[in-house]
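Everything below concerns the one structure shown next.
The values are calculated or read from the model by the stated rules, or taken from the named source; none is laboratory data. All figures in this text were calculated on a predicted structure; none of them were measured in a lab. Cβ sites come from the backbone with ideal geometry, for glycine too, and all protein chains shown count toward neighbours. All accessible areas refer to the heavy atoms of the entire protein, side chains included, with ligands and DNA or RNA removed. Shrake-Rupley method; radii C 1.70, N 1.55, O 1.52, S 1.80 Å.
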Amino acid sequence: MAFLDRIDECRRFDPRRYRPFRIGGVEVGLIGHDFARRLRDFPRVFTIEDSSVRLSEGLNDFRTRTEAVAEVLEAMRARGEVPGWRDEPYPVSPAFALPPLLTMERAAVPLFGVMGFGIHVNGIVGDGETLRLWIGRRSRTKPTGPGKLDQVVAGGQPAGVSLADNLVKECAEEAAIPADLARRAVPVGAISYRTERPEGLRRDVLFNYDLALPEDFTPRNTDGEVESFHCRPISQVIDVVRDTDDFKFNCALVVIDFLLRRGLIPPDHPDYGELLKGLHG
């Protein structure tokens with residue numbers, strides 16, 4: 001196995017299996033053909049064509065779009081067609097910087113292939129030969145990646161919350177990191193990918209942060225989403241992400257990004273260029 005295997009896991013995508021999802025002429029997602037056929041049950045909300053799925057033109061503002069799609073998703077949820085329901089509204093937009101055209105339940109985002117956003121925090125202790133990372137093991141009850149390894153803090157970016165506020169909130173909920181410490185996290189860029197998963201098409205952008213944690217700090221989960229935390233030497237983290245699939249698929253990419261930035265995957269590594277390219281799919 002190799003670092004590149006982790007990259008390849010996040011770029012499994014066959015465009016022939018999808019058709020564009022458009023709102024008011026703007027493409028915001030990619031819908032699988034099977035799911036598009038199920039949306040034919042809701043002709044008031046969706047116009048289904050062989051080449052695309054369009055939100056009905058009569059739904060022409062944020063509120064009416066959000067309410068109409070919510071009704072559809074509730075009906076599909078009752079039929080067991082939207083697993084992993086979270087009760088979290090997510091923005092639907094062609095880009096993070098643009099205002100959302102509507103919001104939809106988080107669990108439905110991959111079904112519509114709309115862009116999802118999140119934050120991931122590398123919890124760093126020490127430096128050089130003493131460099132360690134705090135690694136979380138996800139709860140076995142999580143709908144995605146149960147029991148997989150994760151960053152010390154990671155979470156989706158819901159509608160109506162700034163990145164800075166979400167960072168503080170997630171740090172408190174996932175690792176009991178105080179707000180004043182959480183605000184010291186340094187934004188270090190973003191990664192993106194497009195990959196087919198059991199829950200649908202994931203088209204995600206993850207905003208990454210590095211947070212230096214005190215030697216005497218131990219994370220403590222408060223929301224039940226993390227089973228345990230372990231502070232691992234960076235050499236051990238490298239071995240795990242390179243040689244196993246123990247990390248959740250996208251969390252492995254965040255680790256690879258960290259290793260590249262720190263020079264722990266050196267420029268003369270045979271896959272260096274492909275790894276850099278693969279973090280921005």
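Below, the figures for the structure above:
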read-out: Every residue from segment 67-87 that is open to solvent by less than 60 Å² (accessible area, probe 1.4 Å) and under 24 Å from residue 170 (Cβ atoms); value: 82, 84, 85
read-out: Some residue of segment 156-173 being assigned to a strand (DSSP E or B) and buried (at least 17 other Cβ atoms within 10 Å of the Cβ); value: yes
read-out: Residue within segment 122-144 that is under 21 Å from residue 204 (Cα atoms), open to solvent by 10 Å² or more (accessible area, probe 1.4 Å) and of a type in the set (Val, Ile, Thr) present; value: yes
read-out: Count of residues meeting criterion [farther than 24 Å from residue 170 by Cα and either of a type in the set (Gly, Ala, Ser) or within 22 Å of the chain's Cα centre (by Cα) (or both)] in segment 223-260; value: 7
read-out: Matching residues, segment 12-29, being among the aliphatic types (A, V, I, L, M) and either under 22 Å from the mean Cα position of the chain (by Cα) or at pLDDT below 95 (or both); value: 28
read-out: Residue in segment 44-54 that is open to solvent by less than 50 Å² (accessible area, probe 1.4 Å) and either within 23 Å of the chain's Cα centre (by Cα) or closer than 30 Å to residue 220 by Cα (or both) present; value: no
read-out: Residue that is under 27 Å from residue 281 (Cβ atoms), aromatic (Phe, Trp, Tyr) and open to solvent by 10 Å² or more (accessible area, probe 1.4 Å), where the choices are 117, 62, 112; value: 117
read-out: Test: residue in segment 186-208 that is assigned to a loop (DSSP other than H, G, I, E, B), on the phi < 0 side of the Ramachandran plot, surrounded by fewer than 20 Cβ atoms within 10 Å (Cβ to Cβ) and of a type in the set (Ser, Thr, Tyr); value: no
